[in-house]
Amino acid sequence: MLGLELARTTGLVGSQAGGQPWYCAAVGGRNTTTRRFALPRLPLERVHVEVTSHCNFACEFCPNPSLERPGGAMDFTLLGEVLDEISTSGVSRQVVFHQQGEPLLYPRLAEAVARGTGLGLTTCITTNGALLDDRRVDELLAAGLSRLVVSLQTPDEESFVIRGARGLSYPAFEARVVRAVRRIIAMDVPTEVRVAFLTKPWPRLTLPIVGNHWKIVEHNRDLHTLLEGWASRLLEGNDKAPAPGAIRKAVRRAGVLHRNELRLHPRLVLEARPVGMWSMPERDYGRPWLPARRGYCHGISEHIAVLWNGDYAFCCADHNGRTSTARFQDLSLLDYLDSEPVQEALQGFQKLRPSHPYCQLCLGGPHPGIVAVKAIGSILYFKVLRRLRRHAQA
Ligand SMILES: C[S@@+](CC[C@H](N)C(=O)[O-])C[C@H]1O[C@@H](n2cnc3c(N)ncnc32)[C@H](O)[C@@H]1O
Ligand code: SF4
């Protein structure tokens with residue numbers, strides 16, 4: 001298995017592989033220090049804190065159902081320590097309560113949000129929405145949650161099947177999401193809600209190996225119908241709703257090829273973005289997988305993840321923790337960012353050369369043409385398009 005080979009050859013598998021990781025010898029215990037490094041620039045845009053890796057859905061487009069690392073939920077004391085340190089170290093001002101898994105399955109989620117809020121952090125939950133009942137909504141609002149993202153993703157009853165929501169019918173799911181969103185925007189709270197859909201443009205080109213049968217919105221006209229339908233459902237009876245004509249005009253600008261954001265209310269946004277081939281790159285789906293020598297990624301320079309067991313990971317897309325080289329329990333956030341593997345990966349990306357074997361696989365592909373397109377695409381996207389967009393938004 002390529003993944004295990006990767007672990008064996010690099011030794012970069014963190015605590016979960018057993019044995020003595022490099023940092024134990026190097027550091028000899030956990031020490032929180034002052035910052036010594038120039039990169040990454042702080043604060044990071046966000047830190048993903050995976051409260052649980054368990055999920056009540058098994059979405060076909062998501063790697064969660066076939067994770068190869070052990071599953072579990074974060075110890076609440078550890079979670080408190082992680083939040084405290086994110087705040088005191090200045091590593092980030094924003095915490096997102098997932099990497100994998102469904103955060104609403106974590107029984108003490110509202111307490112964690114309250115702790116983050118109390119520390120002055122922006123707190124964000126991305127959820128599949130299945131458990132969003134009135135009690136949970138009210139607890140999260142009372143805890144001061146900054147942003148709730150509901151991953152609606154599939155447009156209708158037929159496509160909902162690919163989410164693997166055992167025992168939950170689409171009408172019940174839809175009704176629950178609509179009720180929760182209406183409840184939040186009707187209240188006098190600062191919480192912003194985002195309702196997110198996935199699109200599948202050029203399916204033959206973008207999802208050649210997996211996901212051929214995924215029923216996700218493919219055409220602009222279907223996306224427009226979907227967004228308009230949800231806008232009217234979510235805004236029914238809301239006196240801050242824009243006029244239907246204004247919504248229609250904004251919806252017409254949305255397209256399946258790019259990321260779309262439609263602000264419907266001061267605290268309600270509809271989002272749609274293309275589904276990614278979030279396969280695990282170490283699985284080759286029966287084809288050879290070529291590592292990338294060129295490319296760019298915003299992992300580590302914009303965000304990192306702390307997995308449920310304390311393992312660090314370079315980015316939110318490293319589902320199996322293959323980039324894990326240390327754990328929070330042994331190495332402070334600042335020391336982790338200063339550590340050799342992280343600094344080496346950052347310096348590699350500065351030269352547009354992914355250096356970590358996992359990053360090379362993640363940016364790689366089954367064919368030299370795809371690898372080249374991903375290299376150029378990643379550089380253009382992260383280095384040019386995103387900067388231009390941020391500049392325009394500023
Ligand atoms: C891994 S989930 C974890 C949080 C929660 N369970 C949820 O579904 O919102 C985080 C986000 O990743 C998205 N996601 C999963 N697989 C994806 C893929 N292949 N491409 C793009 N986004 C994906 C989900 O839809 C969700 O919005
Ligand atoms: S997208 Fe979210 S809900 Fe679906 S399987 Fe992945 S973690 Fe679970």
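Within region 211-227, the presence of a residue that is at positive phi and exposed (fewer than 13 other Cβ atoms within 10 Å of the Cβ) is excluded. Set side by side, the residues Leu264, Leu290, Leu257, Leu270 differ, and just one is away from ligand 1 (no atom under 16 Å from the Cβ) and either over 30 Å from Ala326 (Cα atoms) or surrounded by fewer than 16 Cβ atoms within 10 Å (Cβ to Cβ) (or both), which is Leu264.
Note on region 132-155: residues that are modelled with pLDDT of 95 or more, more than 8 Å from ligand 1 (Cβ to nearest atom) and β-branched (Val, Ile, Thr) amount to 1. Restricting attention to region 78-94, does a residue exist that is under 16 Å from the mean Cα position of the chain (by Cα), within 10 Å of ligand 1 (Cβ to nearest atom) and on the phi < 0 side of the Ramachandran plot? Within region 78-94, not a single residue is under 16 Å from the mean Cα position of the chain (by Cα), within 10 Å of ligand 1 (Cβ to nearest atom) and on the phi < 0 side of the Ramachandran plot.
This table checks each residue for (1) among the charged types (D, E, K, R); (2) touching a Gly at 6+ places or on another chain (Cβ under 8 Å).
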site: Leu42; (1), (2): no, yes
site: Glu45; (1), (2): yes, no
site: His48; (1), (2): no, no
site: His54; (1), (2): no, yes
site: Pro65; (1), (2): no, yes
site: Arg69; (1), (2): yes, yes
site: Leu78; (1), (2): no, yes
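For beta carbons closer than 7 Å, sequence separation of 6+ or different chains, a first residue in region 191-203 that is within 11 Å of ligand 1 (Cβ to nearest atom) and among the polar types (S, T, N, Q) and a second that is modelled with pLDDT of 95 or more and assigned to a strand (DSSP E or B), the qualifying pairs are Thr199/Ala272.
Do we have Arg35 as loosely packed, with under 15 Cβ neighbours inside 10 Å and either assigned to a loop (DSSP other than H, G, I, E, B) or among the hydroxyl-bearing types (Ser, Thr, Tyr) (or both) here?
yes
Residues that are among the small types (Gly, Ala, Ser) and either modelled with pLDDT of 95 or more or more than 18 Å from the chain's Cα centre (by Cα) (or both) within region 59-77 comprise Gly71, Gly72, Ala73, listed in sequence order.
Quick grid of which residues meet (1) within 13 Å of ligand 2 (Cβ to nearest atom); (2) surrounded by 16 or more Cβ atoms within 10 Å (Cβ to Cβ); (3) over 23 Å from Gln99 (Cα atoms); (4) not aliphatic (A, V, I, L, M):
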| residue | (1), (2), (3), (4) |
| --- | --- |
| Asp138 | no, no, yes, yes |
| Leu148 | no, yes, no, no |
| Met187 | no, no, yes, no |
| Arg194 | no, yes, no, yes |
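Look at region 111-123: where a residue is over 21 Å from Arg135 (Cα atoms) and a partner is of a type in the set (D, E, K, R), sitting 6+ places away or on another chain with Cβ atoms under 8 Å, you get Leu119/Asp84; Gly120/Arg93; Leu121/Arg93; Thr122/Arg93; Thr122/Arg147. Considering only residues that are hydrophobic (A, V, I, L, M, F, W, C) and more than 11 Å from ligand 1 (Cβ to nearest atom), look in region 111-131 and name the one that is surrounded by the most Cβ atoms within 10 Å (Cβ to Cβ). The residue in question is Val113. Note on region 335-394: residues that are outside any helix (DSSP H, G or I), in contact with an Asp or Glu (Cβ under 8 Å, 6 or more places away or on another chain) and crowded, with 18+ Cβ neighbours inside 10 Å total 1.
The values are calculated or read from the model by the stated rules, or taken from the named source; none is laboratory data. Treat the numbers as computed from the prediction; the structure is a model and nothing was measured. Cβ sites come from the backbone with ideal geometry, for glycine too, and all protein chains shown count toward neighbours.
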